[in-house]
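The next block holds one structure in the form of structure tokens; read it before the comments.
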Amino acid sequence: MSIEIEDKFDVQADYTVPDLTKLGDVAGPKTYQLVALYYDTPDLRLAARGITLRRRRGGADPGWHLKLPKAKGVRQEITHPLTRSTKVVPEELSELVRAFTRGAELVAVAELETRRSVTLLKDGGTALVEIADDQVKGTVFGDEPKIERWREVEAELLGGDQALLAKVGKRLRKAGASPSDSSSKLGRLLDRQPAPRAGTEPGTAGHTVVDYLESQVAALLAQDPQVRRAEEDAVHQMRVASRRLRSALKAFRKIVTDTVQLQDELRWLGTVLAEARDLEVIRARFAGELAQLAPELVTGPIQTRLGDDLHRRELEAYERIKQTLSGERYYALLDALDRLVAEPALGKAASAPAKEMLSGVASASWNRVIRAYDTAQAIDDYERRQIAMHDVRKAAKRARYTAEALQPTLGKPMAKLAKHAEAVQEVLGAHQDGVVAQEMLTKEAESARQAGEDTFTYGLLIGLERGTAERAEAEFPHVWAETVEAVRKVI
């Protein structure tokens with residue numbers, strides 16, 4: 001796996017790559033003949049999302065390549081050794097695009113034959129930038145194959161920095177190259193259609209909300225391949241995207257209507273993701289605390305129980321996630337999210353001016369936090385009051401997500417509101433995390449005791465976590481008072 005950062009340029013047939021010697025040592029050009037078969041569903045679902053999946057022969061890196069867009073000019077490339085079959089995509093790669101294919105067959109849709117002339121910009125023995133001058137023949141398969149020929153130049157960052165890549169691009173443009181409108185050769189060749197999106201009127205509340213929902217659906221889909229590979233923080237980011245979507249559907253229910261069932265399915269997905277994420281966080285938390293203790297204070301096989309054992313449970317949770325992400329219920333949820341963006345049920349409020357309508361939504365989201373706090377504080381029983389304070393945390397998180405969604409439309413006040421809501425969320429979260437950690441440590445200590453192990457260090461960690469929870473609880477009144485006063489000036 002690697003991150004591909006490149007700039008693409010369209011050039012005329014008689015274009016000449018300029019002299020780059022002032023930017024570094026130049027090696028080449030070296031010429032390759034490349035033949036690549038591209039795979040997609042018959043209705044081009046991968047191409048609609050800017051994803052390319054190919055089997056390539058020739059050049060310095062023959063094999064299967066899956067490229068997933070991460071940002072403009074930046075793609076994650078996952079490779080697999082070349083296989084003999086041209087009809088069957090390796091399972092390791094087809095698995096990573098299931099969120100997009102949703103069970104549809106992957107077939108060869110196009111072929112690219114490329115005569116590539118490669119020039120390297122180097123610093124001694126380190127390759128900094130690769131400049132690929134490509135003469136391309138593209139064929140789209142079908143009842144009547146379509147053939148197109150063109151020339152393009154790619155500048156790909158290897159061991160250099162973005163500033164050097166920009167300088168190379170400037171030289172190429174000065175010589176007559178123009179930035180390409182297509183992010184990939186396949187995108188240029190295919191008559192692909194982007195994923196459908198509702199035609200809302202710019203400046204309306206509906207347009208603003210659908211924009212935000214579209215961005216969060218894209219964020220959730222983008223994390224799917226990363227979660228399947230168990231990449232760091234991927235489960236967390238996917239869970240955040242599902243939470244943001246749920247929060248938005250609740251906050252903007254008068255603008256986008258009839259989403260209760262979709263909210264329930266997003267909650268289900270969040271629950272599926274929660275186990276692995278919680279184990280990941282708590283394992284890292286305990287590892288950090290143990291690392292700070294003096295060696296003589298760490299007794300018994302506690303590092304195995306709180307490290308290896310938790311990691312094993314985390315991997316088992318990941319396997320359950322992978323099974324879920326390949327199931328019909330998950331595919332149905334993704335289909336529902338596509339429909340949410342393409343053809344949402346819009347209420348009358350959707351046609352109202354965005355600023356006028358959405359300012360009230362921001363105020364309502366914070367008022368919900370106030371009501372949750374007042375309800376909790378009215379409870380005399382300490383344990384029940386602490387449970388109710390968890391609702392305050394959830395309301396603060398929802399207010400934060402709502403403010404972040406509204407920031408592009410309502411500006412700086414929403415950035416401030418999001419920051420203040422996050423402060424409440426974090427201090428209550430610190431308390432909750434300390435309580436949960438104590439509960440887990442108590443259970444693990446009991447298991448260790450029954451196994452005849454020394455439990456001294458468990459007691460130390462429980463004490464540390466109790467202190468964390470108590471400090472957060474003591475800090476909260478001050479944070480709350482400051483936040484209420486600050487928010488009053490914002491909304």
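I'd like to know if the range 456-469 contains one or more residues that are aromatic (Phe, Trp, Tyr), surrounded by 15 or more Cβ atoms within 10 Å (Cβ to Cβ) and under 30 Å from Ala248 (Cα atoms).
No, the range 456-469 contains no residue that is aromatic (Phe, Trp, Tyr), surrounded by 15 or more Cβ atoms within 10 Å (Cβ to Cβ) and under 30 Å from Ala248 (Cα atoms).
When you look at Ala445, is it small (Gly, Ala, Ser), over 19 Å from Val479 (Cβ atoms) and open to solvent by 50 Å² or more (accessible area, probe 1.4 Å), yes or no?
Taking the combined requirement at face value, the residue does not satisfy it.
Is it the case that the range 80-87 has a residue that's of a type outside the set (Ser, Thr, Tyr), crowded, with 17+ Cβ neighbours inside 10 Å and not in a loop (DSSP other than H, G, I, E, B)?
No.
Do we have any residue at all in the range 409-417 that's surrounded by fewer than 17 Cβ atoms within 10 Å (Cβ to Cβ), assigned to a helix (DSSP H, G or I) and among the hydroxyl-bearing types (Ser, Thr, Tyr)?
no
Out of (1) open to solvent by less than 30 Å² (accessible area, probe 1.4 Å); (2) under 15 Å from Phe476 (Cβ atoms); (3) in contact with a Lys or Arg (Cβ under 6 Å, 6 or more places away or on another chain), what's the single condition that is false for Gly434?
With respect to (1) open to solvent by less than 30 Å² (accessible area, probe 1.4 Å); (2) under 15 Å from Phe476 (Cβ atoms); (3) in contact with a Lys or Arg (Cβ under 6 Å, 6 or more places away or on another chain), Gly434 is out only on (3).
State all residues of the range 234-261 that are closer than 23 Å to Ala276 by Cα, among the aliphatic types (A, V, I, L, M) and open to solvent by 10 Å² or more (accessible area, probe 1.4 Å); if no residue qualifies, say none.
Scanning the range 234-261 gives a single hit, Val240.
Restricting attention to the range 287-303, and to residues there that are assigned to a helix (DSSP H, G or I) and open to solvent by 50 Å² or more (accessible area, probe 1.4 Å), which single residue is farthest from Ala451 (Cα to Cα)?
Filtering the range 287-303 for residues that are assigned to a helix (DSSP H, G or I) and open to solvent by 50 Å² or more (accessible area, probe 1.4 Å), the one farthest from Ala451 (Cα to Cα) comes out as Gln292.
Considering only residues that are part of a strand (DSSP E or B) and small (Gly, Ala, Ser), look in the range 59-79 and name the one that is most open to solvent (accessible area, probe 1.4 Å).
Ala71
Show the residue pairs that are 6+ apart or on different chains and have beta-carbon atoms under 7 Å apart, the first residue being within the range 302-314 and in contact (Cβ under 8 Å) with a residue 12 or more places away in the chain and under 14 Å from Met440 (Cα atoms), the second being assigned to a helix (DSSP H, G or I) and among the polar types (S, T, N, Q).
That search, which allows pairs on different chains as well, returns Ile302/Thr457.
Just to be sure, is Arg188 open to solvent by 70 Å² or more (accessible area, probe 1.4 Å), under 18 Å from Leu68 (Cα atoms), outside any loop (DSSP other than H, G, I, E, B) and of a type in the set (D, E, K, R)?
So Arg188 fits the description; yes.
In the range 131-145, what residues are open to solvent by less than 90 Å² (accessible area, probe 1.4 Å), without any contact (Cβ under 8 Å) to a residue 60 or more places away in the chain and part of a strand (DSSP E or B)?
Of everything in the range 131-145, those that are open to solvent by less than 90 Å² (accessible area, probe 1.4 Å), without any contact (Cβ under 8 Å) to a residue 60 or more places away in the chain and part of a strand (DSSP E or B) turn out to be Ala132, Asp134, Val136, Lys137, Gly138, Thr139, Val140.
Right, Asp264: surrounded by fewer than 16 Cβ atoms within 10 Å (Cβ to Cβ) and at pLDDT below 95 or not?
The answer is no for Asp264.
Just one of Asp309, Asp374, Asp338 is among the acidic types (Asp, Glu), in contact with a Pro (Cβ under 8 Å, 6 or more places away or on another chain) and open to solvent by 20 Å² or more (accessible area, probe 1.4 Å); which is it?
Asp338
Which residues, counting only those in the range 1-14, are more than 18 Å from Ala127 (Cβ to Cβ) and open to solvent by less than 20 Å² (accessible area, probe 1.4 Å)?
Within the range 1-14, Phe9, Val11 meet the criteria.
Does any residue of the range 162-180 turn out to be touching a residue at least 60 places away in the same chain (Cβ under 8 Å) and either under 30 Å from Ala345 (Cα atoms) or under 24 Å from the mean Cα position of the chain (by Cα) (or both)?
Yes, there is a match, as at least one residue in the range 162-180 is touching a residue at least 60 places away in the same chain (Cβ under 8 Å) and either under 30 Å from Ala345 (Cα atoms) or under 24 Å from the mean Cα position of the chain (by Cα) (or both).
Under 9 Å between Cβ atoms, which residue pairs at least 6 apart in sequence (or on different chains) link something in the range 383-404 that is in contact (Cβ under 8 Å) with a residue 24 or more places away in the chain with a partner that is outside any helix (DSSP H, G or I) and not β-branched (Val, Ile, Thr)?
Thr402/Phe252
If I ask for residues that are farther than 24 Å from Leu190 by Cβ and open to solvent by 30 Å² or more (accessible area, probe 1.4 Å), which ones from the range 19-58 would you list?
Those that are farther than 24 Å from Leu190 by Cβ and open to solvent by 30 Å² or more (accessible area, probe 1.4 Å): Asp19, Thr21, Lys22, Leu23, Asp25, Val26, Ala27, Gly28, Pro29, Lys30, Thr31.
The values are calculated or read from the model by the stated rules, or taken from the named source; none is laboratory data. As the structure is a computational prediction, the values presented were derived from the model and not from experiment. Here the Cβ is made from the backbone with ideal geometry for all residues, glycine too, and neighbour counts use every protein chain on show. For accessibility, only protein heavy atoms count, side chains too; no ligands or nucleic acids. Shrake-Rupley method; radii C 1.70, N 1.55, O 1.52, S 1.80 Å.
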